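The values are calculated or read from the model by the stated rules, or taken from the named source; none is laboratory data. These numbers come from a predicted model, not from an experiment. Here the Cβ positions follow ideal geometry from the backbone for every residue, glycine too, while neighbour counts run over all protein chains shown.
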Amino acid sequence: MGLHKFKPIPSGRMGILWTLASVKDAVLIEYGCMGHMLYARAFLNRAGVPKACNLYSTHIDETDIALGGIERIRKTVDYVVKNSPAKVIFLLPSSVPQIIGTDLPAICEELQPEYPHIRLLPFGYGGFDITQRRGVQEALLLLVGTLPVKTEKTREPTFNIVGSCADLFNFHADANEIIRIMEGAFNMKPLCIMTSNASVEDIEKMGGAHINLVLRREGEPAAKHLQNNFRIPYYSERPYGIDGTVQWIENIAEILNITPDAEFINSQREEAIRVISSVKPIFHHLINDHPEKVKLSLGGHADVVNGILRFGCGEFNLPKGKCWCDSPEMSGEEFPYFTEEQLMQNVSEQKDGILMASGELLEWAGRNRMLQISNPDEKWRINPYVPPLVGFRGALHLVELWANETYNKH
């Protein structure tokens with residue numbers, strides 16, 4: 001592994017870990033080295049996932065690697081079954097077992113008859129050839145492919161959120177705003193928030209929902225599986241801005257063939273416009289006379305960058321600066337993926353304007369840490385009730401951030 005100034009792209013194993021770690025009534029066993037789960041728990045505590053899925057590590061030594069021994073897995077599974085009320089045990093390989101070819105699915109198949117009352121669910125992608133985003137995608141797909149059971153639709157309309165995971169910055173607040181909007185516009189309640197606030201039972205009941213709301217493209221394969229097997233339609237979009245959120249609601253209404261609450265939508269829209277109107281003249285002046293001062297540059301998950309860009313440079317008319325995504329798999333002409341050298345050069349060139357990126361990058365560049373929109377993070381995020389970035393309230397939050405950033409520079 002080469003030297004990095006910033007944290008390298010996380011592996012698929014980390015994507016899976018961050019996806020599963022918030023699932024309640026479950027246990028995650030890693031067939032890996034001592035210390036792995038201690039570091040994982042430290043990150044999860046900082047990210048706002050203090051307790052949900054219990055994390056265990058088997059530890060491995062030279063004998064396990066040389067002889068392919070699996071006795072540690074057997075003993076760890078047996079210990080967990082006897083000392084935990086979990087409904088499901090997730091098994092995840094670290095890089096060494098993945099490289100030497102440890103067959104976790106076969107091991108689970110062999111062990112499963114010994115523990116008929118608890119589900120053993122193996123995951124792959126422990127090596128370094130698969131990145132975080134692919135790990136998230138595969139974890140979501142395996143969860144919906146194995147845990148949901150056939151069930152009738154709920155009597156009152158309900159929805160699932162797919163793709164709200166601990167690796168996304170501000171994931172709790174954004175999911176809460178979407179829940180608030182769905183309840184206000186459609187009087188619909190969530191059935192499962194996968195995975196940031198989900199239990200095993202919640203995932204099992206996902207088939208009873210009337211629509212799946214996909215918050216990131218990694219969740220689309222899982223949503224397609226639920227559509228094919230449970231006939232649940234899905235909508236893949238993150239709602240940003242005022243007009244963007246109204247359009248998001250209208251698109252969902254069209255899929256469900258129901259009429260949203262016009263009073264709720266109008267009141268939310270009018271309130272947001274009224275609040276934002278106080279700073280509109282300032283931005284109008286800067287956009288016309290000093291556009292470089294309000295040029296909006298964004299870096300992070302491609303779906304987050306795309307959504308904030310549509311609001312900031314579309315609805316709000318800010319000039320567009322440099323925009324990039326943090327994953328080579330999602331890179332394209334509009335949102336390229338930068339190497340470290342390219343990233344440092346592009347950020348260094350953005351001396352003016354508004355820069356929204358990871359906490360790590362903002363700290364390195366000496367820029368405003370309040371403008372963070374992605375991870376890696378450098379702070380504790382234990383409060384799930386901070387302002388969102390999505391929805392009507394997210395629009396107010398973003399404009400306030402932009403206003404303070406331009407004010408502080410003048």
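Being charged (D, E, K, R) and part of a loop (DSSP other than H, G, I, E, B) is the filter; apply it to region 1-19 and report the residue that is farthest from residue 122 (Cα to Cα). Ranking the candidates gives 5 first.
Scanning region 130-153 for residues that are of a type in the set (Ser, Thr, Tyr) and either within 13 Å of residue 194 (Cα to Cα) or touching a strand residue (DSSP E or B) at 6+ places or on another chain (Cβ under 7 Å) (or both) turns up 131, 146.
Each row is one residue, and each column tells you yes or no for (1) assigned to a loop (DSSP other than H, G, I, E, B); (2) within 16 Å of residue 239 (Cβ to Cβ); (3) touching a residue at least 40 places away in the same chain (Cβ under 8 Å).
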| position | (1), (2), (3) |
| --- | --- |
| 159 | no, yes, yes |
| 166 | yes, no, yes |
| 169 | yes, no, yes |
| 181 | no, yes, yes |
| 184 | no, yes, yes |
| 190 | no, yes, no |
| 203 | no, no, yes |
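Taken as a whole, the condition of being crowded, with 21+ Cβ neighbours inside 10 Å, in contact (Cβ under 8 Å) with a residue 24 or more places away in the chain and over 25 Å from the mean Cα position of the chain (by Cα) does not apply to residue 154. Taken together, the criteria exclude residue 308 from residues that are touching a residue at least 12 places away in the same chain (Cβ under 8 Å), over 31 Å from the mean Cα position of the chain (by Cα) and part of a helix (DSSP H, G or I). Looking only at residues of region 246-297 that are polar (S, T, N, Q) and not in a loop (DSSP other than H, G, I, E, B), we find that the one that is farthest from the chain's Cα centre (by Cα) is 288. Taking region 206-239 as the range and being in a loop (DSSP other than H, G, I, E, B), surrounded by 19 or more Cβ atoms within 10 Å (Cβ to Cβ) and not aliphatic (A, V, I, L, M) as the test, the residues that pass are 210, 216, 238, 239. Scanning region 248-274 for residues that are among the hydrophobic types (A, V, I, L, M, F, W, C) and either surrounded by 14 or more Cβ atoms within 10 Å (Cβ to Cβ) or under 19 Å from residue 310 (Cα atoms) (or both) yields 248, 249, 252, 253, 256, 258, 264, 265, 272, 273. Suppose the filter is at positive phi and at pLDDT 95 or above; does residue 359 pass it? Criteria not met by residue 359. Restricting the first member to region 324-350 and to residues that are in contact (Cβ under 8 Å) with a residue 60 or more places away in the chain and surrounded by fewer than 17 Cβ atoms within 10 Å (Cβ to Cβ), and the second to residues that are in a helix (DSSP H, G or I) and not acidic (Asp, Glu), the beta-carbon pairs closer than 6 Å and six or more apart or on different chains are 329/133. Looking across region 369-410, the residues that are crowded, with 20+ Cβ neighbours inside 10 Å, touching a Leu at 6+ places or on another chain (Cβ under 8 Å) and in a loop (DSSP other than H, G, I, E, B) come down to 375, 389. For region 41-86, filtered to residues that are surrounded by 13 or more Cβ atoms within 10 Å (Cβ to Cβ) and modelled with pLDDT under 80, the residue that is nearest to residue 107 (Cα to Cα) is 70. Residues in region 19-33 include at least one that is touching a helix residue (DSSP H, G or I) at 6+ places or on another chain (Cβ under 6 Å), under 20 Å from residue 358 (Cα atoms), modelled with pLDDT of 85 or more and surrounded by 22 or more Cβ atoms within 10 Å (Cβ to Cβ). State all residues of region 140-151 that are in a helix (DSSP H, G or I) and surrounded by fewer than 16 Cβ atoms within 10 Å (Cβ to Cβ); if no residue qualifies, say none. Residues satisfying the conditions are 145, 146.
Looking only at residues in region 229-243 that are within 11 Å of residue 269 (Cβ to Cβ) and not hydrophobic (A, V, I, L, M, F, W, C), which one is farthest from the chain's Cα centre (by Cα)? Among them, the one singled out is 243.
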